[in-house]
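Below is one structure, written out as structure tokens, with a few remarks after it.
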Amino acid sequence: MRVDVVTIFPEYLAPLELSLIGKARATGILDVAVHDLRTWTSDVHRTVDDTPYGGGPGMVMRPEPWGEALDELGPGHLIVPSPAGVRFTQPLAHALAGEPRLIFACGRYEGIDQRVLDHAAERMPVTEVSLGDYVLFGGEVAVLVVLEAVVRLLPGVLGNADSLIEESHADGLLEAPVYTKPAQWRDLPVPEVLRSGDHGRIARWRRDQSLLRTARRRPDLLPALPPQALDRHDRAA
Ligand SMILES: N#Cc1c(-c2ccc3ccn(Cc4ccc(CN5CCOCC5)cc4)c3c2)n[nH]c1N
């Protein structure tokens, strides 16, 4: 997968050199390039923003540098983080993991001139995404989140592919609690079932814990579960 990120704060994306994303880059699974939007400015002050038409607070990012940048870097699936975007979810992460090329446009100020997105949409898929209902300073943090969620799904990135099956949101439920040694820590024991060696019991316990957690913390996820997601054992509850 080839990823291009355009931002006025390239240093914000330094974490992309680290951990599993850094390893995916080193092993050739992922090719990431971070670009400074000011590369595509032509004035002496390298201006990237201007006042909003129609008035209102703050500044808006000028279309010209973005147009030049996307002319050079496109085509690819353009991902634009925005407070007004569609909620970023695990299904969307899976969809993006299937793309050969992603281009991330990191806005700042009050956002990017809408014509940039409209013009790009004439020649490539454009998706505005939001991390959630709160307001950040810009899109860079969202790019780190989206990229981590997407890259984890690429073949060869996670050592144990099984961990993709058990994790939260993979089957629509929150994951069960996890434990490791020691068996007793500050008078707190590991649940006996997890040390029983009875894999059927362990699987049922984990499923029950997932359902309990989801019901308590994210009841909004429960109705979305298709009937077949609750196996015969669950229905009895
Ligand atoms: N992903 C993501 C994001 C972002 C995000 C992503 C990208 C950019 C580029 C600039 N900003 C800052 C900005 C601040 C204020 C406004 C106008 N406001 C009008 C009133 O409603 C709220 C918005 C717009 C943009 C960004 C924020 N925030 N929250 C998420 N989940």
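Bear in mind these aren't lab numbers, they're just calculated from the coordinates by the rules spelled out. Everything numeric in this text was worked out from a predicted model, so none of it was measured. Positions of Cβ are backbone-derived with ideal geometry, glycine not excepted, and every protein chain shown enters the neighbour counts.
Less than 5 angstrom separates the built amide H of V34 from those of V5, all sequence-distant by 5 or more or on a different chain.
For S130, the residues 5 or more places off, or on other chains, whose built amide H falls under 5 Å of its own are S82, G85, V86, R87, F88. Taking all Cα pairs closer than 8 Å and separated by 6 or more residues, the relative contact order of segment 68-112 comes to 55 percent. Each residue of segment 109-120 was assigned a 3J(HN,Hα) from its phi angle through the Karplus curve 6.51 cos²θ - 1.76 cosθ + 1.60 (θ = phi - 60°); the sequence is 6, 9, x, 9, 3, 4, 5, 4, 5, 5, 5, 5 Hz, with glycine and proline shown as x. For the chain, the Stokes-Einstein estimate of translational diffusion at 37 °C and a viscosity of 0.692 mPa s comes to 159 µm²/s, using the Kirkwood hydrodynamic radius over alpha-carbon pairs. Computed over segment 172-236, relative contact order equals 43 percent, with contacts defined as Cα pairs under 8 Å that lie 6+ residues apart.
Rounded to the nearest whole Hz, the Karplus-based 3J(HN,Hα) values (6.51 cos²θ - 1.76 cosθ + 1.60, θ = phi - 60°) of segment 217-222 follow the sequence 9, 9, x, 5, 7, 5, with x at glycine and proline. Beta-bridge orientation, segment 2-68: approximately 25 percent antiparallel, per DSSP, counting only bridges with both partners inside. Computed over the chain, relative contact order equals 19 percent, with contacts defined as Cα pairs under 8 Å that lie 6+ residues apart.
Of the residues L222, G107, L136, the one whose Cα sits farthest towards the positive end of the charge dipole of the chain is L222 (charges of +1 on Lys and Arg Cβ, -1 on Asp and Glu Cβ, taken about the Cα centre). Relative to the Cα centre, the charge distribution of segment 2-151, modelled as +1 at Lys and Arg Cβ and -1 at Asp and Glu Cβ, gives a dipole magnitude of about 380 debye.
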